[in-house]
Each structure stands twice: as C-alpha cells, then as structure tokens.
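The values are calculated or read from the model by the stated rules, or taken from the named source; none is laboratory data. Please read these numbers as outputs of a predicted model, since none were measured by experiment. Virtual Cβ from ideal backbone geometry, glycine too; neighbours counted across all protein chains shown.
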Amino acid sequence: MDTFRWMSTVFSMILGLGVARILASAVAALRARRRARLDWVPLAWAFFIFAQQLTLWWSLEDLANLSAHWTYFQFLILVTLVLTLFIAAASVLPPNEIAAGESMRDFFEQDGRFGLLALAAFNVTALAVNHVFWSPGTISLSDAINVVLIALPIIGFVGTRRVQVVATLAYAVAMVVAITLLSPASY
C-alpha cells in the first residue's frame, strides 16, 4: 500500500499539471473572446480531457488495493496513462491568449487537433490497463466503450470540420456512458 501511495503522488502531480494547463488555457480563451474568434469544438474536447483527468484521479483509489507488490512495468503503464492525458491537455487549446484577429479554429486545425491523437493514445493505454490489472478475458463492455473512445478522437483528427463536429458530439455521449458505467460511484 505504501508503494502505491508513492506512485499515486507521481500520478497526481502529472494529472495536476494537466488540469492546470486545461484551466489556464480555458481562462486565456475566455479573456481573448472579444478580440479573437473562439470555437466550441476544441473547447468541448478540452472539457472531455478535463473530465477524463478528474475521472482518472477519482479511479486511482480503485488501483490502491489491487496489488501488494507493484512492478516497474505496472508503474510504467500507469505513468503512460497519465502522461498521454497530460499531452492531450497541453495540446488541444492554445497555451496563451489568442491574438486579435486570430481564430481558435485555426489553431485547432493546425496544432490543437494533435491533442486528439494523445487522447486516443490515453484510451488505448486505458484499454491495456484494464487487461493488465483486471484481466477481463473476452471483450467486455469496458473494452467496447474504450474502442469507441479511441476511434472518435482519431476520426476527429483526420476528418473535415463536419466530421469533427459529429465526432465531438458522439464523444460527449460516449463520455457520459463511460463515466456513468465504468467509474466507481463512491469509495
């Protein structure tokens, strides 16, 4: 248990940095709203990343009782989980206020959409974590939800604006389902 408390401190630091990054970027967007064009699509993806950060943080307690002895591989896969989520958080929104005349949509098309690939990588890692720690065997509901959560950001990354909108709305539904069905209700 002491080992996991040490590990969870590392995870919490990385998650905390990601949460701070999302919140700081959202505040910067809010400040720039009068002089630059905002776009709801990257803001929605930022919200999804934020929700997954909080959900992962909440779920860390579930991992605490899984093992009395933690391996370096288990530590690395969990660090990969939080690092991919941090990269998604750091990528999806502009790091600073948008200059006058600039557009959040342009930023998202050029750079921010790469945060969607990091989000997909987070969900791939989450799928692996499920199998490493809980060994569900055959394909489970959790696996099916994770596959959807992997596919939609990739579709949003490669798709046209119209496809991005559909992927964003579909991800909102998938996130509600995932959080409702897969997150521990209480500890």
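Looking at Val82 and the list (1) buried (at least 17 other Cβ atoms within 10 Å of the Cβ); (2) of a type in the set (A, V, I, L, M); (3) closer than 30 Å to Arg34 by Cβ, which single condition is not satisfied?
(3)
Is there any pair with a first residue in region 29-46 that is assigned to a helix (DSSP H, G or I) and a second that is polar (S, T, N, Q) whose Cβ atoms are under 8 Å apart and which are 6 or more apart or on different chains, and what are they?
Short answer, once both residue conditions are applied: Val41/Gln164; Val41/Thr168; Ala44/Thr168; Trp45/Thr168; Ala46/Ser25.
Just the residues that are assigned to a helix (DSSP H, G or I), surrounded by fewer than 17 Cβ atoms within 10 Å (Cβ to Cβ) and out of contact with any Phe, Trp or Tyr (no Cβ under 8 Å at 6 or more places or on another chain), please, taken from region 1-22.
Asp2, Arg5, Trp6, Thr9, Val10, Met13, Gly16, Ala20, listed by residue number.
Considering only residues that are within 28 Å of Asp111 (Cβ to Cβ) and hydroxyl-bearing (Ser, Thr, Tyr), look in region 127-177 and name the one that is surrounded by the most Cβ atoms within 10 Å (Cβ to Cβ).
Tyr171
State which residue is nearest to Val148 (Cα to Cα) when the search covers only region 24-73 and only residues that are surrounded by fewer than 19 Cβ atoms within 10 Å (Cβ to Cβ) and polar (S, T, N, Q).
Step by step, filter region 24-73, then rank; the result is Thr55.
Can you tell me how many residues within region 178-187 are surrounded by fewer than 17 Cβ atoms within 10 Å (Cβ to Cβ) and either of a type in the set (D, E, K, R) or in a helix (DSSP H, G or I) (or both)?
Just the residues of region 178-187 that are surrounded by fewer than 17 Cβ atoms within 10 Å (Cβ to Cβ), to begin with: 179-187.
With either of a type in the set (D, E, K, R) or in a helix (DSSP H, G or I) (or both) added as a condition, the list becomes 179-182.
The number of residues fulfilling the criteria is 4.
Quick check on this structure: which one of Ile179, Ile145, Ile155 is in contact with a helix residue (DSSP H, G or I) (Cβ under 7 Å, 6 or more places away or on another chain) and without any contact (Cβ under 8 Å) to a residue 24 or more places away in the chain? If you could, list the steps in order and put the result at the bottom.
Numbers: Ile179 fails: without any contact (Cβ under 8 Å) to a residue 24 or more places away in the chain; Ile145 fails: without any contact (Cβ under 8 Å) to a residue 24 or more places away in the chain.
Of Ile179, Ile145, Ile155, the one residue that is in contact with a helix residue (DSSP H, G or I) (Cβ under 7 Å, 6 or more places away or on another chain) and without any contact (Cβ under 8 Å) to a residue 24 or more places away in the chain is Ile155.
Conditions first: (1) among the aromatic types (Phe, Trp, Tyr); (2) modelled with pLDDT under 95; (3) within 23 Å of Gly101 (Cα to Cα). Trp58 passes all but one, so which condition is the exception?
With (1) among the aromatic types (Phe, Trp, Tyr); (2) modelled with pLDDT under 95; (3) within 23 Å of Gly101 (Cα to Cα) applied to Trp58, the lone miss is (3).
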